[in-house]
1. Over 23 Å from ARG3 (Cα atoms), under 18 Å from the mean Cα position of the chain (by Cα) and surrounded by 13 or more Cβ atoms within 10 Å (Cβ to Cβ): which single residue out of SER89, SER77, SER141 fits that description?
2. For the structure I just gave you, tell me whether LEU116 is open to solvent by less than 60 Å² (accessible area, probe 1.4 Å) and closer than 21 Å to THR42 by Cβ.
3. Please work out if SER146 is loosely packed, with under 12 Cβ neighbours inside 10 Å and either in contact (Cβ under 8 Å) with a residue 60 or more places away in the chain or in contact with a Cys (Cβ under 7 Å, 6 or more places away or on another chain) (or both).
4. In the range 18-26, is there at least one residue being open to solvent by 30 Å² or more (accessible area, probe 1.4 Å), hydroxyl-bearing (Ser, Thr, Tyr) and at pLDDT below 65?
5. Of the residues that sit in the range 119-129 and are open to solvent by 30 Å² or more (accessible area, probe 1.4 Å) and under 18 Å from ALA143 (Cβ atoms), which one is modelled with the highest pLDDT?
6. For GLU6, work out the one condition from (1) at pLDDT 80 or above; (2) in a strand (DSSP E or B) it doesn't fulfil.
7. Would you mind telling me which numbered condition in (1) surrounded by 17 or more Cβ atoms within 10 Å (Cβ to Cβ); (2) at negative phi ALA44 fails?
8. Kindly list the number of the only condition in (1) under 27 Å from ARG3 (Cβ atoms); (2) surrounded by 16 or more Cβ atoms within 10 Å (Cβ to Cβ) that fails for ILE132.
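The values are calculated or read from the model by the stated rules, or taken from the named source; none is laboratory data. These numbers were taken from a predicted model, which means no experiment stands behind them. When we count neighbours, we look across all protein chains shown, and the Cβ atoms used for this are built from the backbone with ideal geometry, even at glycine. Calculation scope for accessible area: heavy atoms of the full protein, side chains included, ligands and nucleic acids excluded. Shrake-Rupley method; radii C 1.70, N 1.55, O 1.52, S 1.80 Å.
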Amino acid sequence: MMRLSESEKSVSFASGSSYNQSTRNILFISGTDKKAHWLFPTQAKLILAVEQLNEKIDDAKEKPTQALYFEYVDKDSNGDGTLSHLDQSNIALAKPDGSGFIDVLHGVDRVISYELLSEKEISIVYQVGKSIKNIRLSAISFAKESEQEIISIPD
């Protein structure tokens, strides 16, 4: 898994680099024949997060990756003319080799947590507007198993 990042010259000081990087796509190379494929067909999206989901076991070792978690922005929802972490995001999952990519949530304001609960279940806690919700998904098919509002934030 290799990230395709765009660099912009920074006008402010930053530790370690004078460039800001934005991930625009991910290249997967898999199998013995080293076949390559892109996550997205174009570089028009902004990828905010890519994480490997795996179970943690008692002796502090982790099991192999069971799924990949993606948070990305594909439209300028706040109207400022750029894609950034300030826009609403989408959440997607894929198999460890990047295949089977599927969107599971759209229009998310903030992701609070996500984790592989077991070999069979993924949990994502997220916020849309004033509502904080929890969605549980199959770790095998990525199908929604349940979704509920945890709390509504008061005015």
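1. Going through SER89, SER77, SER141 in turn, the sole match is SER77.
2. no
3. Working: loosely packed, with under 12 Cβ neighbours inside 10 Å: yes; either in contact (Cβ under 8 Å) with a residue 60 or more places away in the chain or in contact with a Cys (Cβ under 7 Å, 6 or more places away or on another chain) (or both): no.
Criteria not met by SER146.
4. Yes, there is a match, as at least one residue in the range 18-26 is open to solvent by 30 Å² or more (accessible area, probe 1.4 Å), hydroxyl-bearing (Ser, Thr, Tyr) and at pLDDT below 65.
5. Across the range 119-129, the extreme among qualifying residues is GLU121.
6. (1)
7. The one condition ALA44 does not meet is (1).
8. Going through (1) under 27 Å from ARG3 (Cβ atoms); (2) surrounded by 16 or more Cβ atoms within 10 Å (Cβ to Cβ) one by one, ILE132 breaks only (1).
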